[in-house]
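Reviewing the structure listed below.
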Amino acid sequence: MSKRISYMKAAPEAAKGFLTVHGYLAQSGLDKNLVDLVYLRVSQINHCAYCIDMHSQDLNKHGVPFEKLILTSAWREAGDVFTAREQAALAWAESVANVAETGVPDEDYAAAAAEFNEKELADLSVAIALMSAFNRLGVAFRNQPVAASRLARAV
């Protein structure tokens, strides 16, 4: 895989804007683990290894069990592993992240709106959009997950 530019270094003001939104979301009132779970699921959808690694590590550091992390991509089949609120957030994340395929139908909106108030749903949607943008940049510029270098040293 060829080395590509660091978008953070090449366009620091643009990166600063993304990081400002990230900071807003951290203090928005949404549960940090819920947001990180959404970040993880969106990153899985977008195949961003860098972000999958980062958010899995963050969730693990905050006490989310390894088994839950592994089951995130199959959350619908995981039974009671995910709370009703987490399930609603993950379903909304999938619908919004896959907007070109889903069109985000009214029934998806209604299900999310039944679980989250207007501000929470807006913030959750911003989190999904932000992570989708980060994923696109990470994949486009081939950001390498921290785990890749750690695992390469272990071999």
- When region 35-68 is checked residue by residue, the ones that are aliphatic (A, V, I, L, M) and either closer than 17 Å to Leu25 by Cβ or at pLDDT 95 or above (or both) are Val35, Leu37, Val38, Leu40, Val42, Ile45, Ile52, Met54, Leu59, Val64
- Item | Tally, over region 1-23, of residues that are of a type outside the set (A, V, I, L, M, F, W, C) and touching a helix residue (DSSP H, G or I) at 6+ places or on another chain (Cβ under 8 Å) | 3
- Query: Can you spot a residue in region 62-75 that is touching a Lys or Arg at 6+ places or on another chain (Cβ under 6 Å), farther than 15 Å from Ala129 by Cα, open to solvent by less than 20 Å² (accessible area, probe 1.4 Å) and in a helix (DSSP H, G or I)?
  - Reply: yes
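The values are calculated or read from the model by the stated rules, or taken from the named source; none is laboratory data. Just so it is clear, the structure is predicted and the values come from calculations on it, not from any experiment. All Cβ positions, even for glycine, are placed from backbone atoms using ideal geometry, and neighbour counts span all protein chains on display. Quick note on the areas: whole protein, heavy atoms, side chains included, nothing else; ligands and nucleic acids left out. Shrake-Rupley method; radii C 1.70, N 1.55, O 1.52, S 1.80 Å.
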